[in-house]
Amino acid sequence: MSTVRPSRRSFAAAALALALTAGLAACGSEDEANADTAAGNGTVTIGAQAKDIGKVTELKVEKQQAIADLVPAAIKADGKLTIGLGALPTGFPPLAFVGDDDKTLTGAEPDLGRLVAAVFGLTPEINNATWDNLFVGIDSGKTEVGFSNITDTEQRKEKYDFASYRQDNLGFAVKDGNAWNFDKDYKKLAGLKVAVGAGTNQEKILVAWQEKLKAEGKTLDIKYFADTPTTFKALVSGQIDAYFGPNPGIAYQISRTRGTADAVRNAGVHSGAGETLQGLIAATTKKDNELVKALAEAINYLIANGQYQQWLAAYNLDTEAVQTSQVNPPGLPKSNA
C-alpha cells in the first residue's frame with residue numbers, strides 16, 4: 001500500500017499530512033522508565049500517551065518459557081529486546097509517534113514490540129531513527145528487531161528475515177452513515193467519485209479499475225486534492241463518495257473524528273501488493289540471526305490468546321488482521337519493488 005517505492009514506507013506521506021498534533025520529533029531512544037516497564041510484571045499497557053489515536057488498554061501477557069527458549073542466547077543475554085522504529089522526524093500515526101507527554105514512543109508498532117518482549121520475558125527497549133537508519137541499526141546488530149510498518153519483499157529477503165503480523169492494505173474511507181462497501185469488487189465503484197493521492201500506488205490501482213469500467217461502458221470519476229485533510233473535508237461535505245488511501249491513515253482519521261459530524265468509516269480494503277498477492281507487514285531481523293522463529297511463535301501466541309485482536313482494535317486496525325504469523329512468507333516481487 002505504499003505511496004513511496006522501493007522503500008514501501010506504507011502511507012507515510014498521507015499519515016504525516018494528518019499528523020496535526022503528533023508532529024514532535026521522537027528522541028533517539030526511549031527511557032525505560034516511561035512506557036517500557038520491567039519485564040515480568042505480566043501487564044503491558046497499549047495506547048499509552050496516544051491522545052485519542054489509540055485506546056488505552058492493559059493486557060495480561062505472561063512470559064512463555066517455551067517461546068523464550070527459542071530466543072538466541074546472544075540476544076537475550078542483557079535481558080532486553082531492542083526494538084527499532086523508523087519514525088523520525090515526525091512519526092506516522094497511528095503506527096508510531098510521540099505521545100502527549102512529548103516523550104513516550106507510542107503507537108501500534110512499538111506496542112506490538114512490547115507485547116512480543118513480554119512473551120519473551122524481556123524488557124523492551126525502543127530505539128527510534130530515520131527510516132534509512134532503522135535498517136542500518138538492524139544491519140549492525142544494534143537493533144534486534146524492527147517493528148516499523150516494514151513490508152515483506154523478495155528483495156529485502158536477501159538481507160533480512162520476516163515474521164508477518166499485519167496485512168499491508170489500502171482502504172476505502174466513506175462518510176459515517178454511508179452504506180456503500182467495496183466488498184473487494186471494483187465493479188462497485190461504477191458511478192462514484194473517488195479521491196486518491198497523485199503519483200501513488202493506490203492511484204495506479206484505481207486508474208486500472210477505471211479503465212476496466214470504461215471498457216464495460218461504466219464510469220469512475222477520479223478526484224485529486226491538495227492534501228489529505230482537504231480530501232477528508234471533501235468526503236464529509238459530499239463532494240466525493242469515497243477516498244482510496246493507505247489503510248492505517250484511514251484508521252487514524254476514524255479515531256480523530258469518531259462521534260463528530262466529520263466521522264468516517266472504513267468501507268473495505270484491498271491489498272497494497274495488488275490483486276494477486278496479499279501484502280504483509282512483518283517484524284524484521286538481520287538474516288540468519290535465528291530470532292525470526294521466536295518472533296513468529298510469540299505473535300502466534302498473542303493471536304491464539306486474544307491480545308493480538310485487542311491490540312488491533314485499540315488502533316482501528318482490525319481490517320489488517322492475519323490468521324497466523326508466517327516466517328518469510330511470499331513477499332512483494334522484485335519486479336514490483
Taking the chain as the reference, fit the longest principal axis to its C-alpha atoms, fit the long axis of helix 292-305 to the helix C-alpha atoms, and give the angle between the two in degrees, 0 to 90, nearest 10.
70 degrees
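Evaluate the charge dipole of the chain about its Cα centre and quote only its size in Debye, nearest 20, assuming +1 on the Cβ of each Lys and Arg and -1 on the Cβ of each Asp and Glu.
Details: 34 positive and 39 negative charges, 199 e Å.
Taking the Cα centre of the chain as origin, the dipole is about 960 debye.
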Whole-number percent relative contact order across the chain, with pairs defined as alpha carbons under 8 Å at least 6 apart
25 percent
Positive-end residue of PRO229, VAL61, ILE83, charge dipole of the chain with Cβ unit charges:
PRO229
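Could you give the size of the charge dipole of the range 182-232 about its Cα centre, using +1 on the Cβ of each K and R and -1 on the Cβ of each D and E, expressed in debye and rounded to the nearest 20? Spell out each step's value before the answer.
Numbers: 9 positive and 7 negative charges, 31 e Å.
In debye, rounded to 20, the range 182-232 gives about 140.
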Any idea of the accessible area per residue across the chain, 1.4 Å probe, to the nearest Å²?
39 Å²
Dipole of the range 140-226 [Lys/Arg +1, Asp/Glu -1 at C-beta], most positive-end residue of PHE162, PHE147, ALA173
ALA173
Anchor LYS142: aspartates and glutamates whose Cα lies under 13 Å away (excluding residues fewer than 8 positions away in-chain)
ASP78, GLU125
Which ³J(HN,Hα) values, rounded to whole Hz and listed in residue order, are derived for the range 68-76 from phi using the Karplus coefficients 6.51, -1.76 and 1.60 in 6.51 cos²θ - 1.76 cosθ + 1.60 with θ = phi - 60°, glycine and proline given as x?
4, 5, 7, 6, x, 4, 5, 7, 8
Return the distance in nm (one decimal) between the two label points of a simple spin-label model at LYS51 and ASN181, each offset 7 Å from Cα along Cα→Cβ.
3.1 nm
Give, as a single signed number, the net charge of other residues whose beta carbon lies under 15 Å from the beta carbon of PHE232, with Lys and Arg counted +1 and Asp and Glu -1.
+3
Relative contact order for the range 100-172: what percent, with Cα pairs under 8 Å and sequence separation of 6 or more?
24 percent
From the phi angles alone, apply the Karplus equation (6.51, -1.76, 1.60; θ = phi - 60°) to the range 308-315 and give each ³J(HN,Hα) in whole Hz, x where the residue is Gly or Pro.
4, 5, 5, 4, 4, 4, 4, 10
Amide H of THR130: which non-local residues (sequence gap of 5 or more, or other chain) have their own amide H closer than 5 Å, using H built in the peptide plane?
LEU88
Angle between the chain longest axis and helix 228-237 axis [Cα atoms, degrees, rounded to 10]:
50 degrees
Angle between the chain longest axis and helix 201-215 axis [Cα atoms, degrees, rounded to 10]:
30 degrees
Between ASP100 and residues 5 or more places away or on another chain, the pairs with built amide H atoms under 5 Å apart involve ALA50, LYS51
Got a number for carbon plus sulfur as a percent of the chain's accessible area, 1.4 Å probe?
50 percent
Cα-Cα over 30 Å: which of LYS157/LYS187; LYS159/LYS184; LYS60/LYS293?
LYS157/LYS187; LYS159/LYS184
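The values are calculated or read from the model by the stated rules, or taken from the named source; none is laboratory data. Everything numeric in this text was worked out from a predicted model, so none of it was measured. Positions of Cβ are backbone-derived with ideal geometry, glycine not excepted, and every protein chain shown enters the neighbour counts. Keep in mind that these areas ignore ligands, DNA and RNA; they rest on the heavy atoms of the full protein, side chains included. Shrake-Rupley method; radii C 1.70, N 1.55, O 1.52, S 1.80 Å.
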